[in-house]
Structures are given as C-alpha cells and as structure tokens.
Amino acid sequence: MGRLVPEFVVDRLLNVTPDDIRALSPGTAAVCMDIDGTITDYHAHSVPEDAQERIRSFGESGLLTFIVSNCSGSRVEEVHALFDSLVTGVMTPFDCLNPEDSRDSATRHRKPAPDMLLAAAARHLVTDQTTALKRPLRPAELLMIGDQLFKDVLAARRAGVRAVLLPRFGTRDHLGVRILQRPAEVGWRAATRLPVKARDWPSRLTAVRVR
C-alpha cells in the first residue's frame with residue numbers, strides 16, 4: 001500500500017469505536033490522534049464533551065491513547081493542559097527534543113516525520129501476551145487517526161503505524177494548509193479513489209481496498 005493511502009477511512013472521530021478497532025485492527029494496542037481538524041476545530045481552546053467521551057471510551061476498552069500534534073509556541077502548553085488528564089500521553093515536536101543535543105530542533109520532529117509516533121511507542125510499556133513481561137509498544141500496535149494525508153497518514157506510514165483518514169472537522173484551518181495542501185489532497189484522494197465529497201465518507205470505520 002502506498003505511503004499516501006491509509007488503511008482505514010471514516011467520516012469523523014466519534015464514529016471510530018473500540019469494537020470496530022478490535023474487529024478491523026485486532027493488533028492495535030494504542031490509538032494516536034491528531035487534534036486540529038480531527039478532535040477539534042483549528043486551534044480550539046476546549047475539547048467537545050462528545051469527543052472527550054469517545055477518547056475515554058478507548059481507554060476504558062483497554063487501549064492506550066496518545067495525542068500526536070504539530071503544535072508549537074504557547075499552543076504546546078495549552079495542548080498539554082487540555083489533554084494530559086484525558087489520554088495516556090501527549091506528544092508534540094517539543095516532547096521529542098533531545099536534551100543532550102544542542103542542535104536539535106522541534107521542527108525536525110514535526111509530522112510527516114515519524115518521530116512523535118516512534119517516541120510514543122518507545123516510551124510506553126505494555127504486557128507481552130506471550131512472556132507476561134513488560135516491553136515497549138511496537139509501531140505496528142499503534143493506530144493513527146488524522147485528517148491530513150500529507151502529515152498524519154504519511155507520518156504513520158513512515159513509522160510503520162496503521163492510519164485512519166477522516167475529513168477535516170470544523171470550519172477553520174491553517175492558511176497554508178487550506179491554500180496549498182487541501183486542494184492537493186482532494187486531487188490525490190480522487191486519483192486513488194479515496195472519499196472526496198462529504199457523502200463519500202463511511203459512517204463506520206472502513207478498510208481501504210488496495211487498487
């Protein structure tokens with residue numbers, strides 16, 4: 001499957017259920033989520049209650065939960081404040097910085113780089129079902145949910161993580177993304193027969209057929 005083709009599509013985060021994840025991606029141990037356009041509108045200052053309930057449902061079903069966001073500046077602190085108590089871990093480019101490398105830059109770790117996903121996997125332990133010992137998550141046990149092919153899906157594919165693509169949630173967007181990236185994504189989705197129009201997106205998690 002190409003690096004710009006997700007494994008699954010769905011019309012919104014609220015329609016990604018733990019049961020459907022177990023059925024379609026039974027090896028998944030952790031759900032990773034973008035924020036802007038996925039959980040909330042762009043740079044929203046609160047998290048909708050129904051989205052909070054959905055995220056909690058993942059944890060209640062035994063799945064680990066991670067935020068994986070390209071946020072920067074003061075937004076980093078705000079994102080931690082919004083999500084630290086709601087998920088297993090919050091990963092931003094700043095959370096990937098190497099304190100021993102003075103040349104390291106948060107920019108290096110932004111999606112579509114796989115760094116945040118790989119760090120989330122490496123830093124959190126699960127119990128191995130065979131040995132009963134604790135071990136780091138494997139990338140293949142992560143499921144990344146996001147609204148951007150060129151960031152969320154590509155980062156997931158580069159990390160060896162399965163990806164769920166959904167249409168942008170909300171009405172606002174980063175200016176550069178809206179002008180440059182969104183039209184290119186629409187063209188790519190049309191060319192690869194991924195959903196394009198609102199009516200094309202399935203209301204349940206659906207596997208993408210490889211063409």
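Every number in this text was worked out from the coordinates using simple rules, so none of it is lab data. Every value quoted in this text rests on a predicted model; they were computed, and no experiment measured them. Counting neighbours? That spans all protein chains shown, and the Cβs are built from the backbone with ideal geometry, glycine included.
A few notes on this one:
- Here the 3J(HN,Hα) profile of the range 66-79, calculated from phi with Karplus coefficients 6.51, -1.76 and 1.60 at θ = phi - 60°, is 9, 8, 10, 10, 7, 4, 9, x, 5, 5, 4, 5, 5, 5 Hz, Gly and Pro shown as x.
- Dipole moment magnitude, nearest 20 debye, the range 8-202 about Cα centre, only Lys, Arg, Asp, Glu C-beta charged: 740
- Cα-projected label distance for Leu133 with Asp104, points at 7 Å along beta-carbon direction, nm: 2.7
- Averaging over all projection directions, the Cα-based convex hull of the range 3-66 occupies 4.9 nm² in the image plane.
- All aspartates and glutamates inside 16 Å of Lys111 as judged from Cα atoms, apart from same-chain residues fewer than 8 positions distant: Asp34, Asp36, Asp95, Asp147, Asp152, Glu185
- Shape index of the range 110-194: Rg/Rh, with Rg the Cα radius of gyration and Rh the Kirkwood radius from the inverse mean 1/r over Cα pairs, equals 1.10.
- Computed over the range 82-158, the percent of Cα pairs more than 18 Å apart is 49.
- With both residues required to sit in the range 8-202, DSSP beta bridges show an antiparallel share near 15%.
- The alpha carbon convex hull volume per residue for the chain rounds to 130 Å³.
- Reach of Lys134 by Cα under 19 Å, taken over aspartates and glutamates that are not fewer than 8 positions away in the same chain: none
- Computed [θ] at 222 nm, helices only, for the chain once each DSSP H run of length n ≥ 4 contributes -39500 (n - 2.57): -7000 deg cm²/dmol
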